[in-house]
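Below you'll find the structure, written out as structure tokens, and then a few comments.
Bear in mind that the values in this text are calculations on the coordinates, not laboratory data. Since the model is a prediction, treat every value here as computed from it, not as a measurement. As a convention, Cβ positions derive from the backbone with ideal geometry for all residues, glycine included, and neighbour counts pool all protein chains shown.
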Amino acid sequence: MLGSGGTQERLRDDSGTGIEPLLSVVGIVVKDMLMKDGSSAVVPLALSGGASLVLPLHCVALFLGAFLLFVIEPMFTKMILPLLGGTPAVWNTALMFFQGMLLAGYLYAHLLSRLNKVWWQVLIHASMLVAGLLFLPVQLAWSQTPSGGKHPVAWLVALLTFSIGLPFFAVSATAPLLQRWFSRSGHPHAADPYFLYVSSNIGGLAALLDYRCRAGRG
């Protein structure tokens, strides 16, 4: 098994410039190693000044992810009210949609984390996040109200899916993926990454308080 120095040298030899700059944001470098059983493993590589940033960067990313999720749910649902009204069915359907997308995001994160190569996990999820940017700014995919023959629940789910589905799905998967990557970062607290939920909880609470303050001023 190669040490971290050998890992860095091999990465530079293979790619010329190395892949450290791309992954330094999480304080790790991905290395594929051939173990005795032929499996692939990932070892952490502390970069100059990067190791001390691993925990703060994960906390900030988790806070922002939760903040975005909790601020977009009531905000986007309120954008739909002029079309369907503020009936409980509208809010319940929107809540069902967001909870379903959250569950789908967790399932995607679970399946993605099963890949042996963390490099592929980062690349695939980064592509998903970039694709979500195509849906910005947040707006309704269409503004026509459903016709009398269409069930409003199916119409509302379709509107939510085409308007905000992909970015919500991508952001919802970020928290479990970051916790998974943190557990493999070599940080002293990597063995128990669940304390990072504190950042997510604070982000969600801050988003709800922000929406409440904005709604009160409106």
Residue list for segment 132-161, filter: exposed (fewer than 13 other Cβ atoms within 10 Å of the Cβ) and part of a helix (DSSP H, G or I): L133, L134, A154
Among the residues of segment 96-115, the number that are of a type in the set (D, E, K, R) and touching a residue at least 24 places away in the same chain (Cβ under 8 Å) is 0
Need the failing condition index for P188 against (1) assigned to a helix (DSSP H, G or I); (2) more than 18 Å from the chain's Cα centre (by Cα), just the number. (1)
Could you list, in sequence order, the residues of segment 181-194 that are under 16 Å from G65 (Cα atoms) and surrounded by fewer than 18 Cβ atoms within 10 Å (Cβ to Cβ)? Y194
Of the listed residues (L62, L103, L57, L68), the one being surrounded by fewer than 13 Cβ atoms within 10 Å (Cβ to Cβ), assigned to a helix (DSSP H, G or I), under 15 Å from the mean Cα position of the chain (by Cα) and aliphatic (A, V, I, L, M) is L103
